[in-house]
Amino acid sequence: MEYDQILLPSDAYDQVLRSYVHPSTWINPTPTGKYNLVVLGGGTSGLVSAGGTGGLGGKVALVEKALLGGDCLNTGCVPSKALIRAARAIFDTRSGASFGVQFKELPEFNFAQAMERMRRLRADIAPHDSAQRFMDEFNVDVFLGDGKFVSPTELEVAGQRLQFERAVIATGARAAVPPIEGLAQTGYYTNESIFKLIELPRRLAIIGAGPIGCELAQCFQRFGAEVTVIDQGEVLPREDRDVAAIVQRQLEREGVKFRLKARILRVEAEERHKALHISQAEYDHKVECDAILVATGRTPNTDGLGLDVAGVQYSLQGVIVNDHLRTSNPRIFAAGDVCSQFKFTHAADAMARNVIANAFFFGRRKVSALTMPWCTFTDPEIAHVGYSEAQATAAGLAVATITQPFDDVDRAILDSETEGLARVHYDKKTGQILGGTIVARHAGEMIGQLTLAITAGLKISALASAIQPYPVQADALKKIGDAYMRTKLTPGVKTLFAKWFAFRPKSSRQRRAFRAKY
């Protein structure tokens, strides 16, 4: 792998990172007999599978051709959230006047320093995923190099053959790049290369209005770039339309321009800039920029793995697994982005835990049984878990929905963060919580309450019973619980309570008579 696509060769922090996750002096161990588990891929699902099995006493080999830690540490969650936090500090500074904050001089924002901070923090986290740690702490044999299956029970790496009882394919996914005329020749970034930037592009065009596109659009706009987002569809298509609209309005207020339902005809390199020629609403337009970021989804990494030799079926969507994460070769499992529609770090972690149970402990854990939250880390964030209303209806459930706007939540008013909402879907017959969405600055921190409630099989009435510290924005969930309880106050029940308050039986004889009558 060409590490200079991700890391800066001369940067001290990036060299520290590499010393942990792909040390240049690493010497692969010598295999000794059959392994209980061989893991192909050192991202989240691979590390959890290897560390979990090794920590329990299993004999494990972990194979990684690039950087241990995968996308999450190197090109995804960690660098993006570090940069997003820096951009939020800029936004808060610019918004200070409404809170009584005055500056005698306008503050300066240094993009290069923010990127350096990101690289420093990424290097600080890297020891968690280091090759040496997995060797020493989890007794895992770590092999660095290209691995591929050479039989249904063997994998080869750097000229050595590893025999296995079980194997896990955890090779993740890479950025999907659309076949747009001139794009490759003109040059572009993806999430795998954008975090190498040192200088801020004056104008940035982003292809794709999904979570990555929206997160980085807001981030770069806050640093001072002029950002245009182009998509052939809508903003955040997986979310409810009113929910996505909240985020779109906020980004537009900050200066991000959207070109939606637009088709990119071609990309060209002009004298001092790049140009994207697009067709939108039957008219052709030209978007000029200094850099292009492609954020159009992910493609599973299945090439060159020897899957055919191993007897593992796969498609363009990735490795094919059953609900227990077993492939067509009963000895081989898969986990994470290479086989899942949920391309999240926490999903990869959860699936790896299922693999350990199913592969070695007679488990029958199902992916379909996982309660999977996700969060888009724009400002405000969008966090979701469980069914949407449309999904619940399609599943034949008698779904009802309660939405609580944040303009009626005290803490949101005090924070001047009233453009948000909490929404819960529940089964009208049982009261069971089916799913929910929260739009708020810290929605990702709040969605855990709904995730736990769904996992525990709680009813929506539990939201009314839970005591929230006052004042917090999560009080929106309690308000939803209270609103549900009010639906139980039917005219008949209300009449009964009125009679109770009017009569108020004092003696046990009177109480028995009241109960017998009503």
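Within region 23-43, the set of residues being out of contact with any helix residue (DSSP H, G or I) (no Cβ under 8 Å at 6 or more places or on another chain) and open to solvent by less than 10 Å² (accessible area, probe 1.4 Å) comprises Tyr35, Val38. Determine, yes or no, whether Ala443 is surrounded by 11 or more Cβ atoms within 10 Å (Cβ to Cβ), touching a Cys at 6+ places or on another chain (Cβ under 8 Å) and not charged (D, E, K, R). So Ala443 fits the description; yes. Of all residues in region 87-126, those satisfying the criterion of being open to solvent by 40 Å² or more (accessible area, probe 1.4 Å), assigned to a helix (DSSP H, G or I), touching a residue at least 60 places away in the same chain (Cβ under 8 Å) and in contact with a helix residue (DSSP H, G or I) (Cβ under 6 Å, 6 or more places away or on another chain) are Phe91, Arg120.
Could you tell me whether Arg174 is open to solvent by 30 Å² or more (accessible area, probe 1.4 Å) and under 22 Å from Thr345 (Cα atoms)? Spelling it out, Arg174 is indeed open to solvent by 30 Å² or more (accessible area, probe 1.4 Å) and under 22 Å from Thr345 (Cα atoms).
Going by the structure shown, is Gln510 among the polar types (S, T, N, Q) and part of a helix (DSSP H, G or I)? Against the criterion (among the polar types (S, T, N, Q) and part of a helix (DSSP H, G or I)), Gln510 qualifies. Say whether the condition of being over 18 Å from Ala295 (Cβ atoms) and surrounded by fewer than 20 Cβ atoms within 10 Å (Cβ to Cβ) is met by at least one residue in region 191-201. There is at least one residue in region 191-201 that is over 18 Å from Ala295 (Cβ atoms) and surrounded by fewer than 20 Cβ atoms within 10 Å (Cβ to Cβ). List pairs: first residue in region 404-430 and under 30 Å from Gly457 (Cβ atoms) and free of Cβ contacts under 8 Å to residues at least 60 places away in the same chain, second residue of a type in the set (Ser, Thr, Tyr) and open to solvent by less than 10 Å² (accessible area, probe 1.4 Å) anywhere in the structure, Cβ distance under 8 angstrom, at least six positions apart or on different chains. From region 404-430, the pairs are Ala422/Thr437. Starting from residues that are of a type in the set (Gly, Ala, Ser) and outside any helix (DSSP H, G or I), keep the ones in region 446-502 and report whichever is least open to solvent (accessible area, probe 1.4 Å). Across region 446-502, the extreme among qualifying residues is Ala474. The listed residues are Tyr13, Tyr20, and the only one of them that is assigned to a helix (DSSP H, G or I), more than 16 Å from Met135 (Cβ to Cβ) and among the aromatic types (Phe, Trp, Tyr) turns out to be Tyr13. The requirement of being assigned to a loop (DSSP other than H, G, I, E, B), of a type in the set (Val, Ile, Thr) and over 26 Å from Ile212 (Cβ atoms) is satisfied by Val312.
Against the condition open to solvent by less than 20 Å² (accessible area, probe 1.4 Å), closer than 22 Å to Ser388 by Cβ and either assigned to a loop (DSSP other than H, G, I, E, B) or at pLDDT below 95 (or both), how does Leu236 come out, does it pass?
Yes: the conditions hold for Leu236.
If you go through region 239-285 and keep only what is of a type in the set (D, E, K, R), at pLDDT 95 or above, open to solvent by 30 Å² or more (accessible area, probe 1.4 Å) and not in a helix (DSSP H, G or I), you end up with Asp240, Glu254, Lys257, Arg259, Lys261, Arg263, Arg266, Glu268, Lys274. Entry remark, region 392-440: residues being part of a strand (DSSP E or B), over 26 Å from Gln248 (Cα atoms) and either in contact with a helix residue (DSSP H, G or I) (Cβ under 6 Å, 6 or more places away or on another chain) or polar (S, T, N, Q) (or both) number 4 in total.
Would you mind stating whether Val229 is at pLDDT 95 or above and either in a helix (DSSP H, G or I) or more than 27 Å from the chain's Cα centre (by Cα) (or both)? Here the answer is no, as Val229 does not meet what is asked. One residue stands out in region 330-339 among those that are under 16 Å from the mean Cα position of the chain (by Cα) and open to solvent by 10 Å² or more (accessible area, probe 1.4 Å): the one that is nearest to Gly318 (Cα to Cα), namely Cys339. Restricting Ile180, Ile169 to residues that are open to solvent by less than 40 Å² (accessible area, probe 1.4 Å), more than 20 Å from Gln15 (Cα to Cα) and under 23 Å from the mean Cα position of the chain (by Cα) narrows the list to Ile169. Entry remark, region 286-304: residues being of a type in the set (Asp, Glu) and in a strand (DSSP E or B) number 1 in total. Within region 265-303, track down each residue that is in contact (Cβ under 8 Å) with a residue 40 or more places away in the chain and within 27 Å of the chain's Cα centre (by Cα). Result: Ala291, Ile292, Leu293, Val294, Ala295, Thr296, Gly297, Arg298, Thr299, Pro300, Asn301, Thr302. All of (1) open to solvent by 30 Å² or more (accessible area, probe 1.4 Å); (2) assigned to a helix (DSSP H, G or I); (3) touching a strand residue (DSSP E or B) at 6+ places or on another chain (Cβ under 7 Å) hold for Leu216 with one exception: (1).
Residues of region 370-391 being part of a loop (DSSP other than H, G, I, E, B) and under 19 Å from Gly336 (Cβ atoms), which ones? Selection gives Leu370, Thr371, Met372. Of the residues making up region 55-86, those that are open to solvent by less than 10 Å² (accessible area, probe 1.4 Å), over 15 Å from Arg122 (Cβ atoms) and either out of contact with any Asp or Glu (no Cβ under 6 Å at 6 or more places or on another chain) or not in a strand (DSSP E or B) (or both) are Val60, Leu62, Val63.
The values are calculated or read from the model by the stated rules, or taken from the named source; none is laboratory data. Bear in mind the structure is a predicted one, so any value in this text is a computation, not a measurement. Neighbour counts run over all protein chains shown; Cβ positions are idealised from the backbone, glycine included. For accessibility, only protein heavy atoms count, side chains too; no ligands or nucleic acids. Shrake-Rupley method; radii C 1.70, N 1.55, O 1.52, S 1.80 Å.
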